[in-house]
Amino acid sequence: MKVLRANLTHDTATYEDVPEPWRRYGGRALVARFLLDEVPPACDPLGPHNKLIFAPGLLVGHMLSSCDRISVGGKSPLTGGIKESNAGGTTGLKMVWLRLHSLIVEGGPPPDGGWRLLYIDENGARLEDAADLVGLGLKDTAARLIDRYHKKIGISAIGPAGERLYQTAGITHIDQDRNLTRISARGGLGAVMGSKRLKAIVFDVSRSNRPPLADPDAFRDASKRYLRALQEHPQTSQVYTFYGTAAMVKMCNSLGGIPTRNFSAGQFEDAERISGETIHDLNQARGGEVAHACMPGCIIRCSNIYAGPDGETLVTPLEYETIGLMGSNLGINDPDVIARLNDTANDLGMDTIDTGAALGVAAEAGLFPFGDAAGALALMDEVRHGTPAGRIIAGGAALAGKVLGIRRVPVVKNQAMSAYDPRAIKGTGVTYATSPQGADHTAGLTIRANVNHIDPAGQAALSRTVQYNMAGYDSLGACTMGASAFALDPAMVPDLINGQYGWGVGSGYLAELGRETILLEREFNRAAGFTPADDRLPEWMTEEALPPLDTVFDVPAVELDALHDG
Amino acid sequence: MTAEGPVVRVTVRLYSVLRHREGRIVDRLALDLPPGSRAGDVVRLLAIDPRLEPLLAVNDELATEATPLADGDRLAIIPSVAGG
């Protein structure tokens, strides 16, 4: 395995040996180690000293179900701190098949000020001119690159949002069905890539080239146990397959925690109209795909391809966080409208969570009425065209609140909350507050836990456990959907790691890896200027009761401060 | 379903995979239950897989298996999911 370093300032792409301290890291853990080793914490996130890293998780490369995720990391222009954002698609798999431990993108812009494409195949890597791709949405970018190379390439790219340095810009990865829609969405990493004037990366490897195994029999045995657990568990074999993450709409609404009209309520009167059940039935009747794999080899297939009334694809995928932030949060009850908002964000290469939260703030400020589909779509059109109003939305919810004079802004560390109001799901509120990543739906959701979610007692300990586990999974390249299978057998993860690498890790490996990762991330954030004051929910959430449960966020600050130091 | 003697009639709303019954989609069931029945009795009557860890709500209020059911109540049974 090698590290590939693309330096945009020097227009070079060179291979290096993997540094010894990085060998046992992948995914999110590698992002943290890398940033501490190579990125000055106080640097300008959009300047030449910030770097991006593409880091496949430790288990990536075998097409093991739900375990081929790619982590992208760098200093976030949105939060000013560390950012890791992971996604499905084929980038992780193709990188490992190209024997890339990681890919670093640094420097920039190029000496001629132009845009570049990084092309990688088994013979090497080179930076090419990308002038013809500039300004293209991601659908056209994918079509042009597939036409130029072939239909089996992997692609990671930015859309116009990244080119324009929008703080909601992500980096999007193609899936095996040539949809360029699997996005490392959070924290504005697309703007970092745009600041270096790198439009796209092409991974050209078609044949399977799985990494060697230290103990093939042990790996195969653990893989079989894992697959059997996925196939036998009704959640991974049925609920997620048929309803995907949209099944959360009814659950979160019942718990009083679905964001509604800019987080002013926790239950949406039209939740049934945007529920997983409604979307499943509509999509099935229209001939869409209710079960779609975002990664090759995934047997859960929690994603979907959502069809419009004419049977043509409206968006892929349509998932819970977007339904919450671009649906109930805007008072919008039409799945087709949510899908159109989502599709625009996808094509521009934007985070639907922060964009949806910014639209909610804009609605509260009176830019359009809640529930006004045409108004929301018109504002998204301004985002597409880069008008001043559109750029306010594209700057994310925190920026929109400042510009528009709105105090009810659902952010932590400037990053928008996902579709769980932390006053009703308090463990998730603890995660939002204390994760080094800012408010983030992948950092440790607690809604599944069998606890009283509005009782502040015990939420900090619950959040800590989930945060460690999630940071561990994100370092393995494992999707949270597979976690229910891993949780059934604590030996499964260590057995897979030992089968692949022969490291002899023990039963506590996952949580230890996660804890170590979070402590590294906190070290970076401290050096970047973060203090305990940054580990708080917005003050209004501690004062303004959320209807209908009439509850505020009341986990004591002392518990937040002690969470990662205990 | 019917029961001998006095009954409470409950409307059960099924979500996600619980709607898939005998090859078709069934969103609602009307059940006649013995007086004194609780939400957990319906969960057991419908043989719901405990691994789905269903969330229960009676008349849109969160409930537990011990929540008593009265005539005309609406019971929602929602399989748990982990996140988006």
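The values are calculated or read from the model by the stated rules, or taken from the named source; none is laboratory data. Predicted model only: the values in this text are computed from it and were never measured. Backbone-built Cβ (ideal geometry, glycine too); neighbour counts: all protein chains shown. Please note that ligands, DNA and RNA were not included when accessible areas were found on the heavy atoms of the full protein model with its side chains. Shrake-Rupley method; radii C 1.70, N 1.55, O 1.52, S 1.80 Å.
So the values come out like this:
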{"read-out": "Pair list, Cβ under 6 Å, 6 or more apart: the stretch A:360-387 residue free of Cβ contacts under 8 Å to residues at least 40 places away in the same chain and of a type in the set (D, E, K, R), other residue part of a helix (DSSP H, G or I) and open to solvent by less than 40 Å² (accessible area, probe 1.4 Å)", "value": "A:Glu382/A:Ala389; A:Glu382/A:Gly390"}
{"read-out": "Within the stretch A:403-431, considering residues that are assigned to a helix (DSSP H, G or I) and more than 14 Å from chain B (Cβ to nearest Cβ), the one most open to solvent (accessible area, probe 1.4 Å)", "value": "A:Val403"}
{"read-out": "Residue satisfying all of: in the stretch A:474-484; in contact (Cβ under 8 Å) with a residue 40 or more places away in the chain and out of contact with any Leu (no Cβ under 7 Å at 6 or more places or on another chain); surrounded by the most Cβ atoms within 10 Å (Cβ to Cβ) among these", "value": "A:Asp474"}
{"read-out": "Test set (1) in a loop (DSSP other than H, G, I, E, B); (2) over 20 Å from A:Ala449 (Cα atoms); (3) within 14 Å of chain A (Cβ to nearest Cβ) - B:Leu75 fails condition number", "value": "(1)"}
{"read-out": "Selection from the stretch A:189-216 of residues that are in contact with a helix residue (DSSP H, G or I) (Cβ under 8 Å, 6 or more places away or on another chain) and assigned to a helix (DSSP H, G or I)", "value": "A:Gly190, A:Ala191, A:Met193, A:Gly194, A:Pro216"}
{"read-out": "Matching residues in the stretch A:508-563 - criterion: being touching a helix residue (DSSP H, G or I) at 6+ places or on another chain (Cβ under 6 Å) and small (Gly, Ala, Ser)", "value": "A:Ala511, A:Gly514"}
{"read-out": "Members of the stretch A:476-529 that are within 18 Å of A:Arg464 (Cβ to Cβ) and not in a helix (DSSP H, G or I)", "value": "A:Pro490, A:Gly508"}
{"read-out": "Count of residues meeting criterion [within 14 Å of chain A (Cβ to nearest Cβ) and free of Cβ contacts under 8 Å to residues at least 60 places away in the same chain] in the stretch B:4-22", "value": "3"}
{"read-out": "Search result, residues across the stretch A:315-327 that are within 13 Å of chain B (Cβ to nearest Cβ) and either of a type outside the set (Phe, Trp, Tyr) or more than 15 Å from the chain's Cα centre (by Cα) (or both)", "value": "A:Pro317, A:Leu318, A:Glu319, A:Glu321, A:Thr322, A:Ile323, A:Gly324, A:Leu325, A:Met326, A:Gly327"}
{"read-out": "A:Gly188 vs. criteria buried (at least 24 other Cβ atoms within 10 Å of the Cβ), touching a residue at least 24 places away in the same chain (Cβ under 8 Å), on the phi > 0 side of the Ramachandran plot and within 14 Å of chain B (Cβ to nearest Cβ)", "value": "no"}
{"read-out": "Within the stretch A:218-294, helices (runs of 4 or more DSSP H) holding 3 or more residues that are within 11 Å of another protein chain (Cβ to nearest Cβ), touching a strand residue (DSSP E or B) at 6+ places or on another chain (Cβ under 8 Å) and on the phi > 0 side of the Ramachandran plot", "value": "none"}
{"read-out": "Subset of the stretch A:147-171 [outside any loop (DSSP other than H, G, I, E, B) and under 23 Å from A:Pro56 (Cα atoms)]", "value": "A:Gly154, A:Ile155, A:Ser156, A:Ala157, A:Gly162, A:Ala169, A:Ile171"}
{"read-out": "Those residues of the stretch A:446-467 which are of a type outside the set (Asp, Glu) and surrounded by fewer than 21 Cβ atoms within 10 Å (Cβ to Cβ), in sequence order", "value": "A:Arg448, A:Ala449, A:Asn450, A:Val451, A:Asn452, A:Pro456, A:Ala457, A:Gly458, A:Ala461, A:Leu462, A:Thr465"}
{"read-out": "Lone unmet requirement of (1) modelled with pLDDT of 95 or more; (2) under 29 Å from A:Asn86 (Cβ atoms); (3) within 14 Å of chain B (Cβ to nearest Cβ) for A:Thr442", "value": "(1)"}
{"read-out": "For A:Lys250: the one exception among (1) surrounded by 21 or more Cβ atoms within 10 Å (Cβ to Cβ); (2) within 25 Å of A:Arg69 (Cα to Cα); (3) not acidic (Asp, Glu)", "value": "(2)"}
{"read-out": "Tabulated pairs, the stretch A:544-559, first aromatic (Phe, Trp, Tyr), second open to solvent by less than 70 Å² (accessible area, probe 1.4 Å) and assigned to a helix (DSSP H, G or I), C-beta under 6 angstrom, 6+ apart or interchain", "value": "A:Phe553/A:Gly429; A:Phe553/A:Met541; A:Phe553/A:Thr542"}
{"read-out": "Residue tally, condition acidic (Asp, Glu) and surrounded by fewer than 24 Cβ atoms within 10 Å (Cβ to Cβ), over the stretch A:322-358", "value": "4"}
{"read-out": "Per-region count, the stretch A:273-292, residues farther than 20 Å from A:Gly356 by Cβ and out of contact with any helix residue (DSSP H, G or I) (no Cβ under 6 Å at 6 or more places or on another chain)", "value": "11"}
